[in-house]
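Notes to accompany the following structure.
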Amino acid sequence: MQSINTSDLKKRLEAGEKINLLDVREPDENMAFNIGGILLPLGQILTLQTDEINNLKQEEVICYCKSGQRSMQACLMLETLGFTNVKNLTGGMTEWQGSVK
């Protein structure tokens, strides 16, 4: 598993790069603030049955949560499911909202 920081991700998004974002927080957290990722709470990853995500196994997928802990677990789970290029957003939405303007 690799990681990416909020500054690098924001630069890539601002450059218009197509990025597969996966929000592993709970729905209420996603509704309060999100950056456009696919919502798939951590507890649902191992029961993953959606083509929306399964077709990303060979593509870069950046996982994020509130602080980077749940998304790190999500990355490890996705790797066991055959995803080959997952990255954890270090600092999560807390850092995104606090330091990335």
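All of the numbers you see were taken from the coordinates with simple rules; none came from a lab. Being a predicted model, the structure only gives us computed values, none of them experimental. For neighbour counting, all protein chains shown are included, and Cβ atoms are generated from backbone atoms with ideal geometry for every residue, glycine included.
Points worth noting:
- Debye intensity ratio I(q)/I(0), log10, the chain, q values 0.12, 0.15 Å⁻¹ (C-alpha model): -0.33, -0.53
- The count of lysine pairs in the chain that are at least 8 places apart or cross chains, and whose C-alpha atoms lie under 14 Å apart, stands at 4.
- Relative contact order of the chain, pairs being alpha-carbon contacts under 8 Å that are 6 or more residues apart, as %: 36
- If you run the Gaussian network model on the chain, springs between alpha carbon atoms under 10 Å, then out of E29, E17, E79 the most flexible one is E17.
- Residues with amide H under 5 Å from that of L22, placed H, sequence gap 5 or more: I38, I62, C63, Y64
- Each other residue within a Cβ distance under 13 Å of R25 adds +1 if Lys or Arg and -1 if Asp or Glu, for a net charge of -2.
- Summing Lys and Arg as +1 and Asp and Glu as -1 over all other residues whose Cβ lies under 9 Å from the Cβ of V86 gives a net charge of -1.
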